[in-house]
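Data block below; observations after.
The values are calculated or read from the model by the stated rules, or taken from the named source; none is laboratory data. Because the structure is predicted, anything quoted here is derived from the model rather than measured. Positions of Cβ are generated from backbone atoms using ideal geometry, with glycine treated the same way; all protein chains shown enter the neighbour counts. These accessible areas exclude ligands, DNA and RNA; they are computed on the full protein's heavy atoms, side chains included. Shrake-Rupley method; radii C 1.70, N 1.55, O 1.52, S 1.80 Å.
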Amino acid sequence: QAPLVESGGGLVQAGDSLRLSCAASGFSFRIYHMGWFRQAPGKEREFVGAITSSGGSTSFADSVKGRFTISRDNAKNTVYLQMNSLKPEDTAVYYCAAARQWSTNRDDYRYWGQGTQVTVSS
């Protein structure tokens, strides 16, 4: 089984909200910082946001700050990405990832999910 499995993607309209989930298995989820990344067609995978292992701190890219939030439930080995006020430019495949060190750099993340498609229509 893949270490991380995302769910919750879909097709929504601009201004709508969507919540992505990422379920972890096979590693010590509670000691890993968790990040969300996204990749639009023809573009590089970019950092969206991250949450510390305890859930006490978060960080976000400027493009989503104030619209997206991240939370986690260590008892359920799950991390969430709440996306509000979605825009067409948020359209991408969204990935969750796990890292031992706090980082916004995708190269520092050890475990990755397969991604879930989010499409925002105008």
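Measure of size requested: the Rg and Dmax of the chain, with Cα atoms as the atom set and Å as the unit; please supply both.
13.2, 40
Give me the number: length gained by fully extending Lys76 to Glu44, i.e. 0.36 nm times residue separation minus the C-alpha to C-alpha distance, one decimal in nm.
8.4 nm
With a cut-off of 13 Å, note down the residues of region 80-122 whose backbone N falls inside the zone around a label point 7 Å from the Cα of Ser17 toward its beta carbon.
81-86
So how much slack lies between Phe27 and Ala2, counting 0.36 nm per residue of separation and subtracting their Cα-Cα distance, in nm?
7.9 nm
Over the chain, give the accessible area per residue in Å² for a 1.4 Å probe, as an integer. Please report the intermediate quantities before stating the final value.
Numbers: 6090 Å² over 122 residues.
Here the per-residue accessible area is 50 Å².
In straight Cα distance, which aspartates and glutamates are under 17 Å from Lys65, not counting same-chain residues fewer than 8 positions off?
Within the straight-line cut-off, Lys65 pairs with Asp16, Glu46, Glu89, Asp90.
Show me the trypsin sites (Lys or Arg not before Pro) within region 4-50 that DSSP assigns to loop and that have at most 12 other Cβ atoms within 10 Å of their Cβ.
Lys43
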